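S.K.: Could you have a look at this structure, given as structure tokens, before my questions?
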Amino acid sequence: MVAAASVVAAVGTATVLGLGDGEGGRDPRAGAQVSATAVSTAPSPSPSVARATPSATPSPTPTPTESQAAPAASPRLYRHPDSQVLDWVRAHPGDPRRPVIESRIASRPAAVWFTEYAPGTITSRVRAVTSGAAAQDRVPVLVAYAIPDRDCGGASEGGAPDFDAYDGWIDRFAAGLGSGEVVVVLEPDSIAQTDCLSEGGRADRFASLARAGRVLKAANPRARVYYDAGHSAWNTPEKQAALLRRAGAASGDGVFSNVSNFHTTADEVAYDRRVLDALGGPAGLGAVIDTSRNGNGAPGDGEWCDPAGRSVGRAPTFDTGEARIDAYLWVKLPGESDGCRGAAGEFSPSYAYELASS
């Protein structure tokens, strides 16, 4: 099974680009794609994070009430001031769709992606986000995304040239974390998507991921580091836990799931708990779930590219009310196209409005 997450970032919004193998350059079993606020050295927003993950079995579509009952976003989470949706809101004060998009998407905090292998600037770019959050006494969500052989050389390829380089990049990333509370989503797809690697390649990747967790925690003991658990329709909990164990996830703070996907919060909660049970480790390990577009669940037909009938999910919050579920986060920013409602990575106001008003 193949997952993808590709990158060309800008100070603005990151979005899904790459696809897996299969017809049209994509695994026909693939699930959803992902977008998020991104930070890089590019002069203007451009598509960045893409990922398509497989779904073994279609998820049933629930009654569309999950997003409607969602509480307001947690005031503890940091909203980065630069994103494509905020740019659109500022530039279109008279658009009739603006109030809905602004209140239900632009006002919500989303993750900040670091997707380029640019060791000379990564520390300052991370520090700019963490210091901005600290000034507001809020918690930023950062996505480290530069693993070598990203997307196993597929359409989302990229990342550091080798693991020595990646280890150095992580050292510099960690140097920008500051001393405040911060959530780090460590390398989407890096663990769930390893079947394409040789045994030696998997061992090298897992060793660097284990090291990354140790380095991030040592640099800032208040950093909460989460490892890739895929999603509820990908690997079995037992298989995913075995992979996570090899990657040193038990020494972090837990796992993340559903990044770029549409699977329901209930499905992810049940799946993540099973993964954590199988993983073992400290009792305090938890999970964070991407709820940005899962308000109506996954399409029954497996469609992954800007599917109709979807809705924003529960607002980002640390107050989940669920045991072992540490947070609901918006890792993908709703309205950034998967490539069907606009160019991949491009903000689509029509799709954003559809998601926000469903």
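The values are calculated or read from the model by the stated rules, or taken from the named source; none is laboratory data. Keep in mind it's a predicted model, so treat the numbers as computed, not measured. So basically every Cβ, Gly included, is an ideal-geometry build from the backbone, and we count neighbours across all protein chains shown. SASA here: full protein model, heavy atoms, side chains in, ligands and nucleic acids out. Shrake-Rupley method; radii C 1.70, N 1.55, O 1.52, S 1.80 Å.
S.K.: How do the pairs read when you match residues in segment 212-237 that are touching a residue at least 24 places away in the same chain (Cβ under 8 Å) with residues anywhere that are open to solvent by 10 Å² or more (accessible area, probe 1.4 Å) and of a type in the set (V, I, T), using Cβ under 7 Å and keeping only pairs 6 or more apart or on different chains?
M.R.: What qualifies is A233/T57.
S.K.: Right, next: Looking at L244, L333, L329, which one is surrounded by 22 or more Cβ atoms within 10 Å (Cβ to Cβ), over 24 Å from P109 (Cα atoms) and out of contact with any Cys (no Cβ under 8 Å at 6 or more places or on another chain)? Lay out the reasoning, then the answer.
M.R.: Numbers: L333 fails: over 24 Å from P109 (Cα atoms); L329 fails: over 24 Å from P109 (Cα atoms).
So the residue among L244, L333, L329 that is surrounded by 22 or more Cβ atoms within 10 Å (Cβ to Cβ), over 24 Å from P109 (Cα atoms) and out of contact with any Cys (no Cβ under 8 Å at 6 or more places or on another chain) is L244.
S.K.: Picking from T123, T115, which residue would you name as being of a type outside the set (K, R), on the phi < 0 side of the Ramachandran plot and modelled with pLDDT of 95 or more? Can you show your working first?
M.R.: Values: T115 fails: modelled with pLDDT of 95 or more.
Unique residue meeting the criteria: T123.
S.K.: Could I ask something else about it? Would segment 155-166 turn up any residue that is open to solvent by 10 Å² or more (accessible area, probe 1.4 Å), in a helix (DSSP H, G or I) and in contact with a helix residue (DSSP H, G or I) (Cβ under 6 Å, 6 or more places away or on another chain)?
M.R.: To start, the set of residues in segment 155-166 that are open to solvent by 10 Å² or more (accessible area, probe 1.4 Å) comprises 155, 157-159, 161-165.
With the extra rule that they be in a helix (DSSP H, G or I), the set shrinks to 163-165.
Among the residues that remain, those that are also in contact with a helix residue (DSSP H, G or I) (Cβ under 6 Å, 6 or more places away or on another chain) are: 163.
Within segment 155-166 (the criterion being open to solvent by 10 Å² or more (accessible area, probe 1.4 Å), in a helix (DSSP H, G or I) and in contact with a helix residue (DSSP H, G or I) (Cβ under 6 Å, 6 or more places away or on another chain)), the answer is yes, since at least one residue qualifies.
S.K.: Next question. Quick one: what pairs do we get from segment 113-135, first residue within 9 Å of F173 (Cα to Cα) and hydrophobic (A, V, I, L, M, F, W, C), second open to solvent by less than 20 Å² (accessible area, probe 1.4 Å) and in a helix (DSSP H, G or I), C-beta under 6 Å, 6+ apart or different chains?
M.R.: Partner pairs satisfying both residue conditions: I122/F173; V126/F173.
S.K.: Write out, first by first residue and then by second, each pair whose Cβ atoms fall under 6 Å of each other, whose residues are 6+ apart or on separate chains, and whose first residue, in segment 281-306, is within 19 Å of E322 (Cα to Cα) while the second is in a loop (DSSP other than H, G, I, E, B) and open to solvent by 10 Å² or more (accessible area, probe 1.4 Å).
M.R.: So the pair list comes out as G286/R324; T291/R314; N294/T264; G295/E66; G297/S59; G297/T61; G297/P62; G297/T264.
S.K.: Do you know which of the residues in segment 190-233 that are in contact with a Cys (Cβ under 9 Å, 6 or more places away or on another chain) and surrounded by 20 or more Cβ atoms within 10 Å (Cβ to Cβ) is farthest from F163 (Cα to Cα)?
M.R.: Checking each candidate, the answer is Q193.
S.K.: Kindly provide the set of residues from segment 306-354 that are within 17 Å of V259 (Cα to Cα), touching a Gly at 6+ places or on another chain (Cβ under 9 Å) and outside any loop (DSSP other than H, G, I, E, B), ordered by number.
M.R.: S311, I325, D326, A327, Y328, E336
S.K.: Restricting to segment 317-342, count the residues that are modelled with pLDDT under 95 and under 23 Å from Y227 (Cβ atoms).
M.R.: Taking segment 317-342 as the starting set, the residues that turn out to be modelled with pLDDT under 95 are 331-342.
Restricting the remaining residues to those that are under 23 Å from Y227 (Cβ atoms) gives 331-333.
Here the count works out to 3.
S.K.: Assess whether T236 counts as being among the hydroxyl-bearing types (S, T, Y) and open to solvent by 10 Å² or more (accessible area, probe 1.4 Å).
M.R.: Values: among the hydroxyl-bearing types (S, T, Y): yes; open to solvent by 10 Å² or more (accessible area, probe 1.4 Å): yes.
Considered against the rule, which asks whether it is among the hydroxyl-bearing types (S, T, Y) and open to solvent by 10 Å² or more (accessible area, probe 1.4 Å), T236 comes out as yes.
S.K.: Okay, moving on. Picking from V275, V259, V255, which residue would you name as being assigned to a loop (DSSP other than H, G, I, E, B), under 14 Å from Y227 (Cβ atoms) and among the hydrophobic types (A, V, I, L, M, F, W, C)?
M.R.: Numbers: V275 fails: assigned to a loop (DSSP other than H, G, I, E, B); V255 fails: assigned to a loop (DSSP other than H, G, I, E, B).
V259 is the lone residue from the list that is assigned to a loop (DSSP other than H, G, I, E, B), under 14 Å from Y227 (Cβ atoms) and among the hydrophobic types (A, V, I, L, M, F, W, C).
S.K.: Would you say S179 is surrounded by fewer than 22 Cβ atoms within 10 Å (Cβ to Cβ) and without any contact (Cβ under 8 Å) to a residue 12 or more places away in the chain? Show your work before the answer.
M.R.: Values: surrounded by fewer than 22 Cβ atoms within 10 Å (Cβ to Cβ): yes; without any contact (Cβ under 8 Å) to a residue 12 or more places away in the chain: no.
Considered against the rule, which asks whether it is surrounded by fewer than 22 Cβ atoms within 10 Å (Cβ to Cβ) and without any contact (Cβ under 8 Å) to a residue 12 or more places away in the chain, S179 comes out as no.
S.K.: Here's a follow-up. Within segment 286-316, count every residue that is within 19 Å of Y226 (Cβ to Cβ) and open to solvent by 10 Å² or more (accessible area, probe 1.4 Å).
M.R.: Residues in segment 286-316 being within 19 Å of Y226 (Cβ to Cβ) and open to solvent by 10 Å² or more (accessible area, probe 1.4 Å): 1 in total.
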